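Here the structure comes first, spelled out in structure tokens, and everything after it is commentary.
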């Protein structure tokens with residue numbers, strides 16, 4: 001069977017074969033909504049259900065939506081830094097947070113709290129547990145992105 005006689009099937013094998021207008025539109029709207037939800041879960045998780053792991057999985061789900069709609073190439077277009085950089089910076093942040101408590105004479109990963117008065121915002125409180133959660137968040141998002149980019153490497157080789 002010649003390539004010309006196959007008709008629409010040859011066009012379906014290209015990089016746009018998985019593209020759907022409806023899925024593309026829904027992904028563009030849902031991506032930002034899911035991303036904001038993941039940030040809410042990250043910062044609300046210190047005192048309520050959520051935290052770095054749940055927020056990171058939710059943020060990763062936003063990238064899974066992009067992967068389903070546009071493939072690994074679409075995920076690479078959306079991310080600003082490499083998955084390895086996110087993973088490494090998250091591990092470093094979590095380790096530094098744990099080690100900092102040792103420097104101040106406390107047990108590893110002991111929580112410290114800082115409260116300050118900011119002129120416009122008022123009374124603001126932060127804890128070292130929040131910084132640790134941000135590190136966990138970066139690790140989980142980096143792992144999800146790394147998995148999606150690795151899974152999509154086969155797609156890119158097949159289309160070339």
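Kindly indicate whether any position in the stretch 64-75 is closer than 30 Å to residue 19 by Cα, surrounded by fewer than 17 Cβ atoms within 10 Å (Cβ to Cβ), at pLDDT 85 or above and more than 12 Å from the chain's Cα centre (by Cα).
yes
Which of the residues that make up the stretch 104-147 are loosely packed, with under 13 Cβ neighbours inside 10 Å, at negative phi and either outside any loop (DSSP other than H, G, I, E, B) or in contact (Cβ under 8 Å) with a residue 24 or more places away in the chain (or both)?
Answer for the stretch 104-147, where residues must be loosely packed, with under 13 Cβ neighbours inside 10 Å, at negative phi and either outside any loop (DSSP other than H, G, I, E, B) or in contact (Cβ under 8 Å) with a residue 24 or more places away in the chain (or both): 113, 114, 115, 116, 117, 118, 123, 124, 125.
Results for (1) within 13 Å of the chain's Cα centre (by Cα); (2) assigned to a helix (DSSP H, G or I); (3) modelled with pLDDT of 85 or more, shown as yes or no for each residue.
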residue	(1), (2), (3)
16	no, no, no
27	no, yes, yes
32	yes, yes, yes
35	yes, yes, yes
39	yes, yes, yes
48	no, no, no
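One residue is enough: does the stretch 96-104 have a residue meeting the conditions under 24 Å from the mean Cα position of the chain (by Cα) and under 18 Å from residue 43 (Cα atoms)?
Yes: the stretch 96-104 contains one or more residues that are under 24 Å from the mean Cα position of the chain (by Cα) and under 18 Å from residue 43 (Cα atoms).
The values are calculated or read from the model by the stated rules, or taken from the named source; none is laboratory data. Small disclaimer: the values here were computed from a predicted structure and weren't measured. As a convention, Cβ positions derive from the backbone with ideal geometry for all residues, glycine included, and neighbour counts pool all protein chains shown.
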